[in-house]
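To start, the structure itself, in structure tokens.
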Amino acid sequence: MANEIKLKDVKFDIHPSVVFKLGEDLVTDEVQALVELVKNSYDADASYASVKISTKLKNEAKDSVYKNAKGSIVIEDDGKGMTSEIIEKAWLIISNSVKGDMKKAGKTTKKGRTPLGDKGLGRLASQRLGDNIEIFTFPEKGKEGYYIGFKWTDFESKIKLSDVDITFKKLDKKNNKGTRLVISDLKHIEVWEEQKHLSKLLSKLSVLISPFFPINKFNLSINVNGEEKDLIAITKKIRDSSFTRYEIDFDKSNEVKGLSVIGKFRFSFLKSDQTREKQDLFNKYIEKDKGKAFLAHLKKKKDFSFYRIKTSNDLKWYFTSEYSKSFENIPDLLLIDGNKAYPGSFNGEIDSFNLREGYKKLDVFNSKSEYSNLIKNISGVHIYRDGFGIPVDKDWLDIGEQQVGGASFYGLRTHNTLGYISISAKENQCLQEISSREGFRDTPYYRNFYLILRDFIDFSEKLHTFIRRGVNEFLKKKEEENIGIDEGTNVDKAVDYIKKVGKDSKKSKDMLEKTSNEINKFNKTISNIRVGLEKNNKPSNKDLQDSLKSLEDTQKNIKNSIKEIGENLTNSDKLNSVSNVIKYELQKYEGQIEDFYQAASLGMTVEGLSHEINNIIDRFYERTDAIILYLKQKKINDLKIKVYLENAKSLLNGLRKQLTHLTPSLKYVREKREKIELNDFWKKEKEYYNERFSEKKIKLDIKNNNELFNIYMNKGKLIQIFENLIINSEYWLSQLLREKSIKEGIITIEIDNPYVYLYDNGKGIDSSVETSLFEPFVSCKRKGEGRGLGLFLVTQFLDSEGCSIQLSTERNKFKKMFKFIIDLSGVIKE
């Protein structure tokens, strides 16, 4: 019988290479490894961390057991060192972290710091840097310390983790507390020696340890081969070369939970990215009075009050804009247990730069390219937790996605935007970093953190567009005044002006010929008088009077001709202004044409798809009927099969019904008008929509007085008009239902000849778009979820029928407009 093995002798162990691989996977590069080790100093309440990197000298550290090892990195601090108990029960147990327990309990260090580490990542990070690890740590002043030493190469060669050799011993008493970490036998020496690698390293390190604001009473110094290295300082001077700055606050100083933004703009923002020609116009019409007339023009625009624009009290800035939105009103927020996942308070600042002009404000850059390269290298919105950077994608806020074109896009751009968002371990525990520290876990808290900042990005794009388009409109207005045509003129009028100048040019040519003849006549008269005087023939008084009269008439004709030619030339000089007017008009519609084209393409695609789906339904219907017939013929009486086939036919009928509703709205331009009785129309539409909304807790309610209400128009167009309005209500009610702000969504249609009123029990129309709701590309939906064309198309469809739509001045319990009034007078025939 085999020897029996006692159960207590059988236990799990682990191969050391697993730990080695874990460190390699969790920390992706040398910079992140170094930062993780510096974080340990911060968590230990140190006032400083000194990093010394030597690739030239051999390791000569006192008490080191790895003498003469090639190269070393020494990280030293004056923080609270480790006791023997912490070393044995915490540091030497992989993934055991006292810091993580402190964070969960809401505890802080003596200096009030919430620990940044929580997974014991620092000790694993060191294997990225070198093979030999030595720790000299002193928990208290004047007391003995401890030494730990081991080789990472042992983790590859030993069989079990417990076989890895660790040197652990006491150290003599020392007057200072703190920890010194020595990493020797460095890997990837070129990272620390070659200038191109070192520059990249310092650049990355510069944004991983906040260059925007000091870390809480903590200083960091770096020395490479005896030379002090300065991290790239995003100095106040560099930041002051930006032309916009946004100060972002989410619940940091607000009394009400929500987002608060203050945008600051320099005068140079108004003329950025302009052609030479447009710069000349800017100097002529805006620069000369420092923008006073322009601001007066901007104040007359409908949306001016929404952006809360005012001249800045700070002379460094030209004007400011303010924006705020409560947490509850930010769209698409995710829920946890029925409540919106609250990410915690945070703040930040985001600047944008004019890469062509900004360097002129600074005396530290020799060229535009030097300045431009610096901004591009460190550009992006960086995230710092208590001053330590969390590596995220350069465009994690998807700033680049909003840029759909060149000339017509005015929002923030990825390459010239630089800023930070500051979070903390205390306030934002729910924003959890992934194990590798390369970003955040994708949780509802992080999603909402992202959505809050996306709301700011969307606002900034609208604001920039409002201002910069305002500049273009103002310059166009001044050019129109210059050539004497009405403000808001269209291209046809400008072309008429060009035709007029062409006709004037022909008249000028005729006048020049006439003037030439008059000058010849003038010269001839003078010549005759001169010849008479030379022959001593005394002319009679009558001859002199006739000659003088001829000269006076000729002079008068010449003056009139010159005056008329001058007027024509003045009109010709204004041709440049006319061309600018035309350019502004074309630029205005360029982006809109592209969006309309995409919308039209989508419509054609849907029409083709609906045709194909209809054909597929026909084929399925035929095959289903064929199977039903087959079952009857074979006398197969299987109840499950019968129920399935009946359900299939029912679903096919429902799908076909949806398609018949869609098809006329796509083809209305090719169909004829018909008589439609609205009460009957809405009875059928109610059935259709309530079937469509059955799973969404939304219903359509019809209110009428049952009086006959006949209209004459294309049914597809009528469907399209109300479909756009109902889709909007459906979108916003779905948001409220998801947030459990309402139990049921109700869309109400009131029929009262000649009007139809449409409203819902949602929050109403956002005050920011009350005055511009029916204009193209105006939408409060998140970028990519709505083009802002629906209500504009509704107005166009109604206008083509002599009808109209407007917002009622009535306000709901949220003090917002909410009711649409559709006037169908234009399609009523008695």
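The values are calculated or read from the model by the stated rules, or taken from the named source; none is laboratory data. Predicted model only: the values in this text are computed from it and were never measured. Note: ideal-geometry Cβ built from the backbone for every residue, glycine included; neighbour counts use all protein chains shown. Heads up: the accessible areas ignore ligands, DNA and RNA and are worked out on the full protein's heavy atoms, side chains in. Shrake-Rupley method; radii C 1.70, N 1.55, O 1.52, S 1.80 Å.
Laid out as a table, the results:
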quantity	calculated
Inverse mean reciprocal Cα-Cα distance (Kirkwood Rh) of the range 157-204, Å	15.2 Å
Accessible surface ranking that places the most exposed of Tyr644, Tyr630, Tyr342, Tyr66 first, with a 1.4 angstrom probe	Tyr644, Tyr630, Tyr342, Tyr66
Phe792 - accessible surface, heavy atoms, 1.4 Å probe, Å² rounded to 10	40 Å²
Spacing of the two label points (7 Å from each Cα toward its C-beta) at Ala105 and Val65, in nm	3.3 nm
Fully extended contour minus Cα-Cα distance, from Leu629 to Ile828, at 0.36 nm per residue	66.6 nm
Residues whose placed amide H lies under 5 Å from that of Asn225, excluding near-sequence neighbours	Ile53, Ser54, Thr55
Unsatisfied cross-links (Cα-Cα over 27 Å) in the set Lys781/Lys813; Lys67/Lys196; Lys252/Lys316	Lys67/Lys196
Chain lengthening between Asn283 and Glu481 when straightened (0.36 nm per residue, less Cα-Cα)	69.6 nm
Cleavage-rule hits, GluC sites (Glu not before Pro), the range 693-788, DSSP coil, Cβ neighbours within 10 Å at most 12	Glu695, Glu707, Glu744, Glu785
Descending Cα extents along the principal axes, the range 704-816, whole Å	41, 32, 25
Carbon plus sulfur fraction of accessible area for the range 131-248, probe 1.4 Å, in percent	49 percent
DSSP-loop trypsin sites (Lys or Arg not before Pro) across the range 133-184, with at most 10 other Cβ within 10 angstrom	Lys160
Qualifying chymotrypsin sites (Phe, Trp or Tyr not before Pro) for the range 683-787 [loop in DSSP, other Cβ within 10 Å: at most 16]	Phe777
1.4 Å probe accessible area per residue over the range 714-830, in Å²	45 Å²
Over 32 Å (Cα to Cα) - which of Lys699/Lys815; Lys340/Lys699; Lys376/Lys477 fall in this group	Lys376/Lys477
List Thr55, Thr809, ordered by accessible area with a 1.4 Å probe, largest first	Thr809, Thr55
